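Engineer: Mind having a look at this structure? Questions to follow.
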């Protein structure tokens, strides 16, 4: 390394200049200014320490040897002899300590490089896993979509074949109804798929969770009355502020509520509650329905996972996406003795990168 060699050369020159300057000054003041000479002899430790720190114990010993070789011919006193021994000791000890510290620094740099390389390899592996997961999810989505589309298409094809010939008016009306029903089902499926594949980014503004829930309950009330389901919500008198996209969260709460209502066709209860902390708002939606089987609970937020005959299986998947976009989380729990509880937890304020 040319730069490293140049730096070491400059360090050696600096040690030589300092050492020579002190020795020359010491020799010239040896007889006339003994006190100054004593101070200068102590200053000889400086270039030796410099050499030891820069070049290790060998550099310290060479500098000590050079110092004694330069000043001892001019000063044969016992004190100068003892000082020479001290120079060699200091040079050796400082050099050994400097070498040890240098080895630790080199080991630390090597470890840092290895950790950086391992981290980069881990990042590459994680990216490969993410790509593989995206490809796998895409394949599963395509397979599920093909499966979901096949049934209504088969019904449409069968109805069209029946209408192709001479049919009674009653049968024609029935086949036309099938065509309309399955067409609407396909339309819902494609609309849900578009919402899942390309969700609209949230438009955050200050909202009150009580108002969002109350408005959503008003929307779900007609369906609840038809199924003899009671919607219970005891709103707090105090505001529950939340920085969010109110329209998207209303969609989440409505999806969860409609799922609960449809799970109780013979009647039941859906309870809504709000819990607050300084950092988060937690909305609970609990029903008294039959509950979700354990084997389905782990995949309940996956697309096309549904237990309803005419469901698309995209409502909960879209809801989970919306909650994630709000930097929150949605979980599902079983209620005792029966029923299901969904918990939507959202931060009161979004992080700056949202």
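Engineer: Quick one: if you stick a label point 7 Å off each Cα along the C-beta vector at residue 21 and residue 187, how many nm between them?
Structural biologist: Each label point is offset 7 Å from its Cα along the Cβ direction, giving 9.3 nm.
Engineer: Using 1/(1 + (r/R0)^6) with R0 = 45 angstrom and r between the beta carbons of residue 111 and residue 348, what's the FRET efficiency to the nearest 0.05?
Structural biologist: Working: r = 42 Å, r/R0 = 0.93.
The pair residue 111/residue 348 has a calculated efficiency of 0.60.
Engineer: Next question. Spin-label point model (7 Å from Cα, Cβ direction): what's the residue 128 to residue 8 distance in nm?
Structural biologist: That separation, rounded to one decimal, is 4.0 nm.
Engineer: Spin-label point model (7 Å from Cα, Cβ direction): what's the residue 297 to residue 82 distance in nm?
Structural biologist: Result: 8.4 nm between the two label points.
Engineer: Let me ask something else. Placing one identical point scatterer on every Cα of region 205-347 and ignoring solvent, what is log10 I(q)/I(0) from the Debye formula at q = 0.15, 0.16 Å⁻¹?
Structural biologist: -0.72, -0.82
Engineer: How many times 2.2 N^0.38 Å is the alpha carbon radius of gyration of region 2-117?
Structural biologist: Numbers: Rg = 17.1 Å, N = 116, 2.2 N^0.38 = 13.4 Å.
Rg over 2.2 N^0.38 Å, computed on Cα atoms: 1.28.
Engineer: Let me have the relative contact order for region 2-117, percent, based on Cα pairs under 8 Å that are six or more residues apart. Please report the intermediate quantities before stating the final value.
Structural biologist: Working: 114 pairs, mean separation 29.7, N = 116.
The normalised contact order for region 2-117 reaches 26 percent.
Engineer: May I ask you to derive the relative contact order of region 205-347, considering only C-alpha pairs under 8 Å and at least 6 residues apart, and to give it as an integer percent? Numbers along the way, then the final one.
Structural biologist: Numbers: 245 pairs, mean separation 32.7, N = 143.
It comes to 23 percent, rounded to a whole number.
Every number in this text was worked out from the coordinates using simple rules, so none of it is lab data. Owing to the predicted nature of the structure, the values given are computational and were not obtained by experimental measurement. Because the Cβ atoms are built from the backbone with ideal geometry, glycine has one as well, and the counts that use them run over all protein chains shown.
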